[in-house]
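Engineer: First, the structure itself, so that you have it in front of you.
Since every read-out is calculated from the coordinates, none of them should be taken as a lab result. Keep in mind that what you see is a predicted model, and the values were worked out from it rather than measured. Please note: Cβ atoms are built from the backbone with ideal geometry, for glycine as well, and neighbour counts cover all protein chains shown.
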Amino acid sequence: MSKAAGAPAKNANAAGHGLYSDRPRRHVAIPAQPLLPELALLAQDLADSALWIAEQLAVIEEQMDLQASRQIGLYASVAQELAQLTGELLGSDGIKPASLGQLGEEQFDHLMRKQVKALELIINQCAGATLYIRDREEILGTGGGLVMHYEEEFNAINPSLTYLAGHMRSAKRIIREMAANLAWKMRGTDDNDDLSTRIFKQIEG
């Protein structure tokens, strides 16, 4: 039997590595109706985390099999997507309004509250997992948080990395949808300004 064949039995659950936790180690609170710059900061933080993971994996790539190479490409791609979203959020006309039609203010507020709650849950899971990995990297050295050492002859990528990228992309999707909703609401705030001008004013503060 190959070494890889024994992996599932020894595989650590992602719950033990900060991803699936009902009490994430880092609590990120999001306002009920965040401003676009606040959403941009969330996207940038995720982009920075994804890029850091890709860079750290590149350091240990030679020690690992194709798992590490695939994860490097995945996290570099996620970092680029989130960096692009950050730019769109900070650009005066990068976000297009959502198609919410004649949605009432109360219904809009309810929609945003649900999205904020969903985003908080995902963001905190991502932050918890990333912090766990960073802590172990600092304590155990390069690869200490990214790699699980089951025995001398068998190492495996931290199982949380298999899911963390997907969580980051889920957060990206919610952030984009929330920004589109905010852009929709901002269309009617001042008939004398176009949407791009109003968004730019919000970003400039």
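Engineer: Given the Cα-Cα distance of Arg113 and Arg134 and 0.36 nm per residue of separation, how much length would full extension add, in nm?
Structural biologist: 4.5 nm
Engineer: For a footprinting-style exposure proxy, rank Ser49, Ser77, Ser99 by other Cβ within 10 Å, fewest first.
Structural biologist: By the 10 Å Cβ count, ascending: Ser99, Ser77, Ser49.
Engineer: Taking 0.36 nm per residue of separation and subtracting the Cα-Cα distance, what length does fully extending Trp52 through Ala32 add?
Structural biologist: Using 0.36 nm per residue and subtracting the Cα-Cα distance, I get 4.3 nm.
Engineer: What is the gain in length, in nm to one decimal, between Arg173 and Glu61 on full extension, counting 0.36 nm per residue of separation less the C-alpha to C-alpha distance?
Structural biologist: Stretched fully, the Arg173-Glu61 segment lengthens by 37.4 nm.
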